[in-house]
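The values are calculated or read from the model by the stated rules, or taken from the named source; none is laboratory data. All values reported here derive from a predicted model rather than from experimental measurement. Cβ: placed from backbone, ideal geometry, glycine included. Neighbour counts: every protein chain shown. Only protein heavy atoms, including side chains, enter the accessible area calculation; ligands, DNA and RNA are left aside. Shrake-Rupley method; radii C 1.70, N 1.55, O 1.52, S 1.80 Å.
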Amino acid sequence: MPSQRLPASLEPNALSAELEACALEGRPYIDLTLSNPTRCGFEYSGLDAALALRWAPGYEPDPRGHRDVRAAVAAYHGHGLRAEDLILTASTSEAYAWLFKLLCDPGDQVLVPSPSYPLFHWLAALEGVEARPVPALRHERWHLDLAGLEAACGPRTRAVVVVNPNNPTGHFLARDEWAGLLALCARRGLALLVDEVFAAYPLEPAPGHLPTALEADGPPCPLFVLSGLSKVAAMPQVKLGWIAARGDRARALLEPLAFIADQYLSVSASAQAVAPELLRLAPVIQAVVGARLRANLADLDRALAPHPHLSRLPVEGGWTVLLRRPALDPGEACAVRLLREARVLVHPGHFFDLPGDGYLVLSLLPRPELFREGLDRALAALVMSEREAQ
Ligand SMILES: Cc1ncc(COP(=O)(O)O)c(C=O)c1O
């Protein structure tokens, strides 16, 4: 294991201690961080029958993944993607690991977005690679800091990672940011990795946004687009992700990437057997999940309306919303207080590298009745602490 600092969400902290105490003492709480769709009470009609026992009796390993499954992924995405542009993985995390092995030597760097998904640090560190965070800027909406990215590039920088739309900020890349990013990667000889696991969940208007990097035709740098069934079909348990190579520069790297995949052959035949059917049903699943996200967001707005000091940021896409509160105390102390006093779990913003103490991170996936009740309790506790501070 690399001897590096644990990401904030994994460090032993007051919130994890309070969660342990809840478990030990049997204290129930409403989990407003729940992002595991299999625990959010979704029902998709026809799915059980469609998937009933697709046992794959034979073993015909292909390091890139079964061609029919790759063809199904290509058909799902469109944009001229072909089966031969794809490599299947067991998850998006594995896709990152293989791409870091492909693109980097130990000691190299990749630039990663901040705020973002807290796994980048470890996914890179486990490959001996440094994930260097480049903070996004926020004026009205979040923006990629192209000058900051350029300044962070060093002689050992090999790739830029972006998440479209980002988690937890929910912002899509704007088309001008995208053009700047492609130009920067071309100029600096960097590969570009675009994680689009949440691209199927646009929520609020995002003027001039890039719906998917798969639109890029002939990008001037190696471009890899990552996604998988954990969000596309809201089924993380299937364990199937993929890497799409866009443009000749990325396609030229598919053979060494397949060599890496061949050492693992990690995608199970059973996962591949159900994948085409899940991809066919994905739009139905996304509609069900999308309706939940919208309903919870509308409830959040109703609950926030009477509280002028509390607000939320726009959610262009994804499963997460950022709540703004007056930073009266450290974010973690606030989360512990909400868990202890209101029996509601939320994430403090610093778990995702959000700046300052004024952000709380909530999942929009929980069942509506739990979301509403958790929210009412959390907002009442936040308002109470504001009154006490006055
Ligand atoms: C941005 C982002 N990428 C990837 C993943 C994980 O995907 P997978 O389950 O395919 O590893 C997540 C999970 O929340 C995520 O937020």
TODO: Could you work out how far apart the two model spin labels at R187 and A147 are, taking each label as a point 7 Å from the Cα in the direction of the beta carbon, and quote it in nm?
DONE: 1.3 nm
Task: Extension gain from R302 to E373, taking 0.36 nm per residue of separation minus the Cα-Cα distance - done: 24.3 nm
- [ ] With a ≥ b ≥ c taken as the square roots of the eigenvalues of the C-alpha gyration tensor of the stretch 26-170, please select rounded if a/c is under 1.5 and otherwise prolate if a/b is larger than b/c or oblate if it is not?
- [x] oblate
TODO: Whole Å is fine, so just give me how far the alpha carbon centre of the stretch 74-100 lies from that of the stretch 105-157.
DONE: 22 Å
Open item on the list: For the pair A23/A327, report the inter-label distance in nm, with labels modelled 7 Å from Cα in the Cβ direction.
Closed with: 3.1 nm
Task: Percentage relative contact order, the chain, counting C-alpha pairs under 8 Å, at least six apart - done: 23 percent
Task: Cβ crowding within 10 Å averaged over residues, with 249-260, 109-120, 368-379 ranked highest first - done: 109-120, 368-379, 249-260
TODO: Taking only Cα atoms and a 10 Å spring cutoff, compute GNM fluctuations for the chain and point out the largest among A275, A152, A200.
DONE: A152
- [ ] Determine the distance separating the Cα centre of the stretch 254-272 from the Cα centre of the stretch 351-373; give it in Å without decimals.
- [x] 36 Å
- [ ] Scan around R82 for amide H atoms under 5 Å from its own, H built in the peptide plane at 1.01 Å from N, and keep only partners 5 or more places away or cross-chain.
- [x] none
- [ ] Take the solvent-accessible surface of the protein heavy atoms, probe 1.4 Å, and return the percent of it on the stretch 130-231 that carbon and sulfur atoms account for.
- [x] 57 percent
Task: Mean Cβ neighbour count within 10 Å, used as a protection proxy, ranking 278-289, 330-341 highest first - done: 330-341, 278-289
Task: Pairwise Cα inverse-distance average, inverted: Kirkwood Rh of the stretch 52-281 (Å) - done: 17.8 Å
Task: Heavy-atom surface of the chain, accessible at 1.4 Å and reported per residue (Å²) - done: 43 Å²
